[in-house]
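One structure below.
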Amino acid sequence: VYFAEWFASEAGVVKAFGASGLLSPTAALFFTLAIITFVLVFATLDLAVTLFTIKIKGQPYGLGPWLKQPRAEWIRRHNNFFAECLACVIRILEDG
């Protein structure tokens, strides 16, 4: 995050946000840090899926294929505690 913030400050992103006059310098910094955090989180998630997926004789195994299948099949095809917990959390988040 520090490197990304340094890069954004050198590029003048905060000044560009504040140049229109609609944002204060603090709000411009907040939006810059929010964008940086958003990008870094999703890049890290994509990297984790890539790192935990392997191919053996052309057949992929690991996190990538597991996430690409329908959620209804997670518990039936993979009888493990992690799959059951993740499916329960997602079901609670969807239903409220």
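The values are calculated or read from the model by the stated rules, or taken from the named source; none is laboratory data. Keep in mind that this is a model prediction, so the values were computed, not measured. As a convention, Cβ positions derive from the backbone with ideal geometry for all residues, glycine included, and neighbour counts pool all protein chains shown. Just the protein is used for accessible areas: all its heavy atoms, side chains included, with ligands, DNA and RNA removed. Shrake-Rupley method; radii C 1.70, N 1.55, O 1.52, S 1.80 Å.
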- line: Apart from one, (1) of a type in the set (Asp, Glu); (2) within 30 Å of Gln69 (Cβ to Cβ); (3) modelled with pLDDT under 80 all hold for Glu5; the odd one out is (2)
- prompt: Within region 13-58, restricting attention to residues that are modelled with pLDDT of 80 or more and on the phi > 0 side of the Ramachandran plot, which residue is most open to solvent (accessible area, probe 1.4 Å)?
  reply: Lys57
